[in-house]
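Presented below is the structure to which this report refers.
The values are calculated or read from the model by the stated rules, or taken from the named source; none is laboratory data. Worth saying up front: this structure is predicted, and the values here are computed from it rather than measured. Reconstructed Cβ throughout: ideal geometry from the backbone, glycine too, with neighbour counts over all protein chains shown. Remember, those area values only see protein heavy atoms, side chains included, never the ligands or the DNA or RNA. Shrake-Rupley method; radii C 1.70, N 1.55, O 1.52, S 1.80 Å.
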Amino acid sequence: MTREAGAPFGAAPPSAGAAIVTRGLTKRFRGGQVAVDSLDLDVPRGSVYGFLGPNGSGKTTTIRMLLGLVAPTAGEHTLLGLPLAGALPRVGALVEGPAFYPYLSGEANLRRFDAADPTASGATVRRRVGEALDRVGLGAAAGKRYRNYSLGMRQRLAIAAALLGPRELLVLDEPTNGLDPQGTREVRALVKEIAADGTTVFVSSHLLAEVEQMCTHAAIMSTGRLVAQGTIASLSGGQVSRVRIETPDPAGAARVLAALGLADVRATDAEVTAELGGHAPERVNAALVGEGVAVRGLSVVRPSLEDVFVGLTGEGFDVDG
Amino acid sequence: MSTAETRTRTTPGLVPVPETSRATERRPPEPPAGAVPPRRSSSAFWRLLGSELGLTFRRPRNLVMLGVLAGVPVVMGVALRLVAADAELGGIVTSVAGNSLMLTFASLSFLVVLLMPVAVAMVAGDAIAGEAGTGTLRYLLAAPAGRTRLLAVKYLNAVVFSFAVTAVVALSALVTGLIMFPVGPVTLLSGTTVPVAEGLLRILISVGYVGAGMAALAAVALALSTFTEVSIGAVAGTMVIVIVSQVLRAIPQFDGLADYLLPARWTGFDGALRSPIDTGAMAEGLLTFGAYIVLSGSVAWARFSGKDITS
């Protein structure tokens, strides 16, 4: 995809440094409750970084600290390797849902927020607002009052506000919250499109499936602590794949698998599972058949982020979509 | 972190470059190319102020308030005309009915007590709390508006509105007076008579003085506004301060305090109705307003610059 230089949705010219780095970032609210505990995030440039955790695990507080809305109790962070005031004009943000002036039109709302950015030019605002609205499919509703927008339109307007200037980093806090399946698909497609332009996207979510679908990297939060981060592949790699065999002869199958050297062999009435390790599933199948064990079905169960999360925290997600 | 993952990034104007995430991290700092680097321009301040004024003066509820303020002098003018025609009355009625310019002073002294402070408190008390309540504050600050800059813009906006409120009352009263009552030399409170042109000048001085007094109240409302996410709380708090001040002022035992109360100083614009103009009392009034502005401004800044925005 090629865009003319200075187009509002292209990647901004790069500044040095990783997209987001935090070191020991901590927030303790009055009353002693620790919302975020010594967080070390490394968000590489160009990644789509999923910030995953159940509701109340400190994701929004972290995002508020990143944007300078909440002062950390301890620790530090940089965005795009710049001081905060210099970085923020290059960062588009959606924090805890849309918030606009109900008595203004969608277009007037965007102009209002654009006026608050000291680096944005009043001379180009009309064009940039129009393009941002078109980008999220609100071009036709530009003159309608925000009060009369549907939930999905409000969410899209918030994303348009994050796309008013050339951005190097988008911080999206639960961008699909409250959207219907159609709206959710649209937002995910938009995020992929933006990321394809080279913009780093930091997206928080409590939906595991969403992060697995959209992201190249992920961090997992649990009660204010970072429990894992890395590429999606490396996170899932922390958990081993298992082979699952449906057979009328579980005992025989278990014997063969153990003989092959597969670990953690578990047999039930009609199936046997074991850690696959480095073994090729087709070789396992050949060995079983060669030993005369009837195989009704063979499948490889790959770990999902949910398994990773359960493995790391010993608990499931309280909410799932 | 895995470096195995190789992705193709498309950068505008450049050929696609395959790079790994580690290569991205290793890339040496390079100066921004092409587009203009982020830079604060002084025009950005005025652009934000313009946006703020646009919101304030297009907001229906503020317009209704200005409309009510413009209507009161008209009602007063009509009432005084009817009363003056009926009976032989002395005092304020005769002086207003006898000269077109006096309605302006009468309207200011009537409205400065309560209705004008309500209008100013409504806008200034809403300044930060209203944005916090709707959640727009977090987006303004992430834009980034800058906390000190936003507070300065909010206050300047409230000052403009304070003077607008005063000017609307004065203009409405002036027009009503010119239509309903005879135009001629103005007899001042001190008994001296001055020509119409000088009367108009004295109206201008009064508007400036009362506007400054309203701006002082706006600073108080703005300070309260930084403490809450419910704008009605800041507005009500400001009005409580105004009313308690009025009560204290009415109690003779607190006479010593009266000099430091805003409502007691607001009515000091009648210094412009004396000959010579009572510059001493008016200067003291302006000094009091200045003290309120500095004090409240400091409180607002101290509170807002370090506040956690959790709304």
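With respect to the conditions (1) open to solvent by less than 10 Å² (accessible area, probe 1.4 Å); (2) out of contact with any Gly (no Cβ under 7 Å at 6 or more places or on another chain); (3) part of a helix (DSSP H, G or I), B:L103 lacks only one, and its number is (2). A single member of B:V123, B:V160, B:V153, B:V165 is in a helix (DSSP H, G or I), at pLDDT 95 or above and closer than 19 Å to B:G237 by Cα, and it is B:V123. Here is the figure for the stretch A:238-288: residues that are hydrophobic (A, V, I, L, M, F, W, C) and in contact (Cβ under 8 Å) with a residue 40 or more places away in the chain total 6.
The selection criterion, being in contact (Cβ under 8 Å) with a residue 12 or more places away in the chain and in contact with a Gly (Cβ under 6 Å, 6 or more places away or on another chain), does not hold for A:L164. Within the stretch B:142-158, the set of residues being touching a residue at least 12 places away in the same chain (Cβ under 8 Å) and buried (at least 22 other Cβ atoms within 10 Å of the Cβ) comprises B:A145, B:L150, B:L151, B:V153, B:K154, B:Y155, B:N157, B:A158.
The listed residues are B:G280, B:G285, B:G233, and the only one of them that is in a helix (DSSP H, G or I) and buried (at least 21 other Cβ atoms within 10 Å of the Cβ) turns out to be B:G285. Summed over the stretch A:72-97, residues that are facing another protein chain (nearest Cβ under 8 Å) and open to solvent by less than 40 Å² (accessible area, probe 1.4 Å) total 8.
Taken across the stretch A:207-215, residues that are modelled with pLDDT under 90, under 21 Å from A:P303 (Cα atoms), of a type outside the set (D, E, K, R) and open to solvent by 50 Å² or more (accessible area, probe 1.4 Å) do occur, with at least one present. Within the set B:G98, B:G54, the sole residue that is more than 30 Å from A:P166 (Cβ to Cβ), modelled with pLDDT of 50 or more and surrounded by 14 or more Cβ atoms within 10 Å (Cβ to Cβ) turns out to be B:G98.
Checking B:R303 against (1) within 14 Å of another protein chain (Cβ to nearest Cβ); (2) open to solvent by 20 Å² or more (accessible area, probe 1.4 Å); (3) part of a loop (DSSP other than H, G, I, E, B), only one condition comes out false. Which one? Every condition holds for B:R303 apart from (3).
For A:D264, the criteria (1) at negative phi; (2) charged (D, E, K, R); (3) assigned by TED's automatic domain parsing to the domain that holds A:V295 hold in every case but one, which is (1). For the stretch A:134-155, the candidate set comprises residues that are open to solvent by less than 20 Å² (accessible area, probe 1.4 Å) and closer than 18 Å to B:S51 by Cβ; within that set, the residue that is farthest from the other protein chains (Cβ to nearest Cβ) is A:A142.
For the stretch A:47-57, the set of residues classified as buried (at least 22 other Cβ atoms within 10 Å of the Cβ) and in a loop (DSSP other than H, G, I, E, B) consists of A:S47, A:G53, A:S57, listed by residue number.
Of the numbered criteria (1) open to solvent by 20 Å² or more (accessible area, probe 1.4 Å); (2) at pLDDT 95 or above, the one B:T226 fails is (1).
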